[in-house]
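*Asks:* My structure is below; once you've seen it, I'll send some questions.
The values are calculated or read from the model by the stated rules, or taken from the named source; none is laboratory data. Because the structure is a prediction, the values reported are computed rather than measured. Note: ideal-geometry Cβ built from the backbone for every residue, glycine included; neighbour counts use all protein chains shown.
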Amino acid sequence: MYRRRWYNSGKDDRERQRAMAFNRIRKIPTAEEIKRELPMPAELAKVKQRRDDELRAVFSGADGRFVLVIGPCSADSEEPVMEYLRRLAEVQRRVEDVLLLVPRIYTNKPRTTGEGYKGMVHQPNPGKAADLSTGIKAIRRLHIKALAEFGLPAADEMLYPENFAYLSDVLGYHAVGARSVENQLHRLTASGVDVPVGMKNPTSGDLSVMLNSIYAAQLPHRFIYSGWEVETTGNPYAHAVLRGAVDSSGRCLPNYHFENLIGLAQAYTDMGLANPAIIVDTNHANSQKRHEEQPRIAHEVMHSRRYDSVLTKMVKGLMIESYLLPGRQDIGSNIPGCSITDPCLGWEDTERLILDIAERV
């Protein structure tokens, strides 16, 4: 009996191992193939270059304007995203002397447990099964369309470093998230990006992890990327993003207060990093995911910035999550313009906040 049970158990283990193996579904087109199919028009490349130059000038200190990386938690559907961008572009014209607005078109979404909606790159239609080949084309098409219609190069999250190659010529800003910031490939890939890359502090709140990530991204490297041995020049515009922390009991610990900003500014100086810059994320652990707290947090940061000359130079902007409608919804509720991931500010509060910030720069 013992030998028979052992034999059956071994057979079950082998069957489970076969079930757990990688199953090839389809060959994903290369970045070169996708770019040939969906090319960046030459006139749009010029528009993006001008905007990139402006954003780099902010992070180098040559331009005194303030940056808002602002928009939906996740870009789940093209039509409401485009409507949001239309409204954002109108406000940008009103505040362009003091603010640079970088729309969030986040098409890759990290999931703490691995469950849930992972973004448009996975599911071009949130109500249908994953289709990454279609998703890669969909996100490139959306970014190009947004740039063509509104002239605002967007931000996206560098959740999967190899996906950078599919969007390298269309994005104006990259964010490396709290769960990715310690990853070696994220740091090395960021070193080859020619636009600003925001490195968030990890969920633990350990600022040394974030600062080491910035240091690594500002250095040149040689490594394997997409089947190539590549060499990067280093990215002098890699910078810090404060998003709050979570302790071992699950409590949110904000890090946007004056003392937090001053402490990070000193750490920046001590490390001698190029173009020291701080962006404050007004949502996530800083707001305890209470989206309605974002205006209050933004106002406090702007007050701290005006109070201290070091922070006036070093705090370069804010990240704000907003959409057409306030709050969030479950997938399947089908309310256009309402987030299906983290809750967001609605448009009326967003417009009011942008104008308030413009007065406080």
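*Asks:* Determine the pairs where a residue that is over 18 Å from E293 (Cβ atoms), located within the range 309-329, has a partner that is among the hydroxyl-bearing types (S, T, Y) and in a strand (DSSP E or B) with Cβ atoms under 8 Å apart, the partner being 6 or more residues away or on another chain.
*Replies:* Q329/S339
*Asks:* Let me ask something else. So D349 ticks every box in (1) surrounded by 14 or more Cβ atoms within 10 Å (Cβ to Cβ); (2) closer than 30 Å to N212 by Cα; (3) free of Cβ contacts under 8 Å to residues at least 60 places away in the same chain but one. Which box is left unticked?
*Replies:* Failed condition: (2).
*Asks:* Residues of the range 304-348 being over 27 Å from D63 (Cβ atoms), in contact with a helix residue (DSSP H, G or I) (Cβ under 6 Å, 6 or more places away or on another chain) and assigned to a strand (DSSP E or B), which ones?
*Replies:* Matches in the range 304-348: C344 only.
*Asks:* Next question. Name every residue in the range 60-86 that is assigned to a loop (DSSP other than H, G, I, E, B) and of a type in the set (A, V, I, L, M), in order of residue number.
*Replies:* A62, A75
*Asks:* Of all residues in the range 109-167 being among the hydroxyl-bearing types (S, T, Y) and in a loop (DSSP other than H, G, I, E, B), which is surrounded by the fewest Cβ atoms within 10 Å (Cβ to Cβ)?
*Replies:* T113
*Asks:* Now, a different point. Just to check your reading of the model, which residue among T282, T269, T312 is within 30 Å of L85 (Cα to Cα), surrounded by fewer than 21 Cβ atoms within 10 Å (Cβ to Cβ) and of a type in the set (S, T, Y)?
*Replies:* Criteria check complete, one pass: T312.
*Asks:* Could you list, in sequence order, the residues of the range 251-303 that are assigned to a loop (DSSP other than H, G, I, E, B), among the polar types (S, T, N, Q), closer than 22 Å to L211 by Cα and out of contact with any Leu (no Cβ under 8 Å at 6 or more places or on another chain)?
*Replies:* Passing the criteria: N275, N283.
*Asks:* So, in the range 174-188, exactly how many residues are crowded, with 23+ Cβ neighbours inside 10 Å and outside any loop (DSSP other than H, G, I, E, B)?
*Replies:* Looking only at that region, the number is 5.
*Asks:* Among (1) out of contact with any helix residue (DSSP H, G or I) (no Cβ under 9 Å at 6 or more places or on another chain); (2) closer than 24 Å to A57 by Cα; (3) not hydroxyl-bearing (S, T, Y), where does D169 come up short?
*Replies:* Evaluating D169 over (1) out of contact with any helix residue (DSSP H, G or I) (no Cβ under 9 Å at 6 or more places or on another chain); (2) closer than 24 Å to A57 by Cα; (3) not hydroxyl-bearing (S, T, Y) leaves (1) as the failure.
*Asks:* So, in the range 40-52, exactly how many residues are surrounded by 13 or more Cβ atoms within 10 Å (Cβ to Cβ) and farther than 10 Å from V170 by Cα?
*Replies:* 3
*Asks:* Scan (1) in contact (Cβ under 8 Å) with a residue 40 or more places away in the chain; (2) hydrophobic (A, V, I, L, M, F, W, C); (3) in contact with an Asp or Glu (Cβ under 9 Å, 6 or more places away or on another chain); (4) in a loop (DSSP other than H, G, I, E, B) for the single condition L171 breaks and write down its number.
*Replies:* (1)
*Asks:* Does the range 200-215 contain any residue that is modelled with pLDDT of 95 or more, touching a strand residue (DSSP E or B) at 6+ places or on another chain (Cβ under 7 Å), part of a strand (DSSP E or B) and surrounded by fewer than 22 Cβ atoms within 10 Å (Cβ to Cβ)?
*Replies:* No, the range 200-215 has no match at all.
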